[in-house]
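The block underneath contains the structure these notes are about, expressed in structure tokens.
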Amino acid sequence: MLARMGAFAGSWIQQAEALGLASELIVVEWNPVPGCRSLADAIPWPKKHEHCRIRFITVPPERHALFPHPESIPLHQMIAKNVGLRRADGEFVLATNLDIVFSAELMQFLASRRLNRAEMYRIDRYDVDRNIPAGWSVDGLLEHCAGRLLRVHTREGDFEIDNYGNRKLQAADVVTEGTGILFGKGWYPPESYGGEKFRWMQPFAEVIFRRPGGKLPRLFIDLEAGPSAGGPLRLDAASQDGRTLATATIEGRCRIALAIPAEIESARIYLRVAGGNVPLGTDLRFLNLRVFSLEWAPRMWGREAATWQFEVCGAKRSVDWATTPQAPTPFAHDMTNAAYLHTNGCGDFTLMSRESWFALRGYAEIPIWPMHIDSLLCYSAHHAGIREAILNDPLRIYHIEHPSGAGWTPEGEQERTARVASKKVPALRNEDVVELVTKMRRLNTPIIFNLENWGLCNEALTERKL
């Protein structure tokens, strides 16, 4: 942990110094172990930090002991973050964690001072190999992170990636390995129901292809309108610059063919859905369209086309979504500002103006296991009129991988879940989050969880500055 935190703090400070980025780094030491060194003494802090003020605020064990379950929950992460947020002096405040490294492009963006006070900034998180090089320089650390990618956490889900940043196909996917088809942004992970596998797509979903030799330039797509469709959908194939290449109308389940000009062997295209976005009762996502398969047409099927075009090849009756658990909510007509936000890994990067944090009174100070509390903050911000802005590549945060079971990793998830269950402490369930967000959607109003004394603001906590 100390090595990961040293990489976080050292890389931030050194990049801030190089860019002249005025900032302060607030470290909240919650419930420190008696007899152990403070983080101020345990980490080799850069000697030069003219542009970055470094502050340590301590919440002592005796104050922690006043919260429920003090032994089972040794750190109330979100309340600790509120302690720092409440005392921050910056115009904008970033809530983050101790094992995050910021890309050079992200630091340059922050130093450009183009942040908008009306926006909440979110970003994808890239997990990287935890064996960071000894005696690293900032350039060496960033090179290690960019070259040792494990997975990416996006609004749609978690995906294993290669070192080019492309999302790998999963074991039970809707395309076959070796067909030259990959899924980019906008696709949820594969799901299965009733013996069929499929992927839901967001209203803007990327398909990357390289056509194998001998394959006809025509893609068959088996798809179906989902419970959020609310009627016929328009599906466009679009180019990277946003030009519409082909258009089709989707109603129920159908099979369509996308003809590709013969001279195009590889491309990135986008499937773009117009319409839909009806809110659901048990799922915060908008499930407008799902795809069961993408495959190249057999050689004998049809003639090569000179232009992009869609052709509907067959249709059948769709699922009656009103009879399923994913039925639209009966309050959908009230939800004029419903959104599906990027809450995946939001505890690692949520950036807003100081005024916005104070208007929302920080994270909900519920003394439970801290899962999902940061997600509720994002939805409260949205319904307070603070727009979500997602920072895209090459702006990145790199997360140095946890040991198995210490935090979320695919191989350690069962171990971590068992450890949390053994503590027998309360936690928010996904259905609790859906219920709370549904209330915010119905009223288009944030839920403010805390009183005005949030962040232990009335308590005299010890502060130390380097």
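Throughout, read-outs are computed from the coordinates displayed, never taken from laboratory work. Quick caveat, the model's predicted, so the values are computed rather than measured. Glycine also receives a Cβ, built like all others from the backbone with ideal geometry; neighbour counts cover every protein chain displayed.
Odds and ends about this structure:
- Inter-site label distance for ASP129 and HIS51 at 7 Å from Cα along Cβ, in nm: 3.1
- Of all lysines in the structure, those lying under 30 Å Cα to Cα from LYS197, and not within fewer than 8 positions of it along the same chain, are LYS168, LYS185, LYS215, LYS316.
- Distance in nm between pseudo-label sites at ARG113 and ASN430 (7 Å out along the Cβ direction from Cα): 4.5
- Cross-link partners of LYS47 among lysines (Cα-Cα below 28 Å; sequence separation of 8 or more within a chain): LYS81, LYS465
- Ordered by the number of other Cβ atoms lying within 10 Å of each residue's own Cβ, fewest first, PHE102, PHE220 fall into the sequence PHE220, PHE102.
- Packing-based exposure ordering (other Cβ within 10 Å, fewest first) of VAL420, VAL437: VAL420, VAL437
- Isotropic mean projected area of the C-alpha convex hull, the chain (nm²): 24.0
- Relative to the longest principal axis of the Cα atoms of the chain, helix 138-147 runs at roughly 30 degrees.
- Between amide H atoms placed 1.01 Å from N, distances below 5 Å from SER318 occur with ARG253, all of them 5 or more places distant or on a separate chain.
- Evaluating 6.51 cos²θ - 1.76 cosθ + 1.60 at θ = phi - 60° for every residue in segment 156-162, the Karplus couplings come out as 7, x, 10, 9, 5, 9, 8 Hz, glycine and proline recorded as x.
- Extension reserve of the GLU191-ARG387 stretch, reckoned as 0.36 nm per residue once the Cα distance is removed: 67.6 nm
- Interchain or long-range residues, amide H under 5 Å from SER293's placed H: ASP222
- If you bin all the Cα-Cα distances of segment 353-466 at 10 Å, starting from zero, the percentages per bin are 11, 29, 34, 25, 1.
- Put in line by how crowded their Cβ is, counting other Cβ atoms within 10 Å and starting with the fewest, LEU19, LEU280 read LEU19, LEU280.
- Across all Cα pairs in segment 205-302, the calculated P(r) in 5 Å bins from zero up to the longest distance comes to 3, 12, 22, 23, 18, 12, 7, 3, 1, 0 percent per bin.
- Intensity falloff of segment 222-376 expressed as log10 I(q)/I(0), Debye formula with alpha-carbon point scatterers, at q = 0.08 Å⁻¹: -0.37
- A Förster radius of 35 Å combined with the Cβ-Cβ distance from ALA267 to ASP320 puts the calculated FRET efficiency at roughly 0.45.
- Amide H to amide H, with H built 1.01 Å from N, ALA305 comes under 5 Å of ILE260, ALA262, counting only residues 5 or more places away or on other chains.
- Alpha carbon centroid spacing (whole Å) that separates segment 86-111 from segment 197-261: 38
- Here LYS423 and ASP158 are evaluated by their C-beta separation; at R0 = 25 Å the FRET efficiency comes out at 0.55.
- Folded to 0 to 90 degrees: helix 373-383 orientation relative to the chain principal axis, Cα: 70
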